[in-house]
Amino acid sequence: MKAFLILEDGTVFEGTHIGADREIISEIVFNTSMAGYLEVLTDPSYAGQAVCMTYPLMGNYGICREDMESSGPWPDGFIVKEISRLPGNFRCDCTLQEFLEENRVASNFRCEGELNDFLITQDIPGIAGIDTRALTKLLRKKGTMNGMITTNPSFSVKEILPELRAYTTGKVVEKVTCREKYVVSPSRSLEENGPLSGAARFDPAFYKDGGREKRPALVRELNGAGLKVALLDLGAKANIARSLAERGCQVTVYPAFTSAEEIIASCPDGIMLSNGPGDPKECTSVIREIKKLYDTDIPIFAICLGHQLMALATGADTYKMKYGHRGGNHPVKDLMTGKVYISSQNHGYVVDMDKLDPEVAVPAFVNVNDGTNEGLSYTGKAIFTVQYHPEACPGPQDSGYLFDRFIEMMKGGGIHA
């Protein structure tokens, strides 16, 4: 079946329908990651958006449900050059019909299904077979645009354009946050930790005499054992709580609209403000509660939307970027150490450095590509925030040390490199 992507500037792309059979209007954004399509689809930060993947082939290793960053997908639509419908190997001693229908054996031992089937069952429409590089170049030139994905060949661009231009993502944090608080238990031993839990388990015998230097980077010490963290879920990826739990922290996850008084009353050792979708300025009630959290002496670490909301809560400003940062290869400089790290990013808004009061906060991280702010350190406070994703998986693990920095803050050690 044919499908069409219609942009608010009147551009029309024709391709093939994939996923659910329904029509959507959404904000069209692009992601430059080569892998991790399931993590992208289940990242709540994409609520209200349709994602174009610039890498030409998606779905080639199937669906691996333990990689999901939340309970289900959040984008309105999915746009690809080519979708793999056969994520596996096949025996050769069979007929063509058997090859296509009966004798599929997944080459990825973790594969639990096909990407297109996942899109259908999760009610996510999409389009394949378009020139995604051309679409990306157009969005880079003209900026992020709204668009429609439809299978109706009788559409009228003239009639659709006013509806496209009127679309807004709205208050999507309300849509993605958890409905009640819950607890993520800490790791009790090194054998339990590591983000690749099912695929790469820690072998205590191998490392028994090697000391810390022989452990792979993905195996972490339980340096947060005994610490309690309150995580405000603004659209949190699962890897945020997991990254803390792997280090021995007990994480209590709170809905986005929880009062500051309730969080403070739980006496946490530290507070995390998560990532999330939409325009940060829409979160007016959350901003008021974050200001109350700021006024305490509790150490705070904020990521992405949480970073933006903390800035707004303390008098700074944010603005929408032309086309945002979404992908797994963005270089970020830590101004404390001078080191550059490759980061995973997903944001369309940024803190305005021209309106930042240095008596409140100072820049702590900067994007090497375009010079935009990537994090703040708050003056006289045990608070630091980042615009990118240190919990990224798959993707660069460079910034995982930030969780260790947060743990040192909770232990009373301040902010250290």
Exercise. Could you count how many residues in the stretch 123-179 are modelled with pLDDT of 95 or more, touching a Gly at 6+ places or on another chain (Cβ under 7 Å) and not hydrophobic (A, V, I, L, M, F, W, C)?
Worked result: 5
For this session: Starting from the stretch 247-259, keep only residues that are on the phi < 0 side of the Ramachandran plot, then list their pairs with residues that are surrounded by fewer than 20 Cβ atoms within 10 Å (Cβ to Cβ) and of a type in the set (Phe, Trp, Tyr) whose Cβ atoms are within a distance under 7 Å, requiring at least 6 positions of separation or different chains.
Result: Val253/Tyr182
For this session: Please list, ordered by first then second residue, the pairs with beta carbon atoms under 7 Å, 6 or more apart or interchain, first in the stretch 145-161 and farther than 16 Å from Gly126 by Cβ, second part of a helix (DSSP H, G or I).
Result: Met145/Leu139; Asn146/Leu164; Asn146/Arg165
Problem set entry | Close pairs (6 angstrom Cβ cut-off, 6 or more residues apart or separate chains): on the phi > 0 side of the Ramachandran plot in the stretch 290-312, not aromatic (Phe, Trp, Tyr) anywhere | Cys304/Asn275; Cys304/His347
Exercise. Under the condition of being assigned to a loop (DSSP other than H, G, I, E, B) and hydroxyl-bearing (Ser, Thr, Tyr), which residue from the stretch 250-264 is most open to solvent (accessible area, probe 1.4 Å)?
Worked result: Ser259
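Conditions (1) at pLDDT 95 or above; (2) open to solvent by 10 Å² or more (accessible area, probe 1.4 Å), marked per residue:
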| residue | (1), (2) |
| --- | --- |
| Val350 | yes, no |
| Ala361 | yes, no |
| Val368 | yes, yes |
| Ala392 | no, no |
Seminar exercise, completed: Across the stretch 132-147, the tally of residues that are open to solvent by 30 Å² or more (accessible area, probe 1.4 Å) and more than 13 Å from Val12 (Cα to Cα) stands at 6
For this session: Could you list all residues from the stretch 68-83 that are open to solvent by less than 40 Å² (accessible area, probe 1.4 Å) and either farther than 18 Å from Pro125 by Cβ or acidic (Asp, Glu) (or both)?
Result: Met68, Glu69, Ser70, Asp76
Exercise. Does Ala238 satisfy the condition of being among the small types (Gly, Ala, Ser), modelled with pLDDT under 95 and either at positive phi or open to solvent by 10 Å² or more (accessible area, probe 1.4 Å) (or both)?
Worked result: yes
Exercise. Only one of (1) over 30 Å from Asn31 (Cα atoms); (2) open to solvent by 10 Å² or more (accessible area, probe 1.4 Å); (3) hydrophobic (A, V, I, L, M, F, W, C); (4) not in a loop (DSSP other than H, G, I, E, B) fails for Cys267. Which number is that?
Worked result: (4)
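The values are calculated or read from the model by the stated rules, or taken from the named source; none is laboratory data. All of these numbers come straight from a predicted model, not from anything done at the bench. Here the Cβ is made from the backbone with ideal geometry for all residues, glycine too, and neighbour counts use every protein chain on show. Ligands, DNA and RNA are stripped out before the accessible areas are found, and what is left, the full protein with its side chains, is counted by its heavy atoms. Shrake-Rupley method; radii C 1.70, N 1.55, O 1.52, S 1.80 Å.
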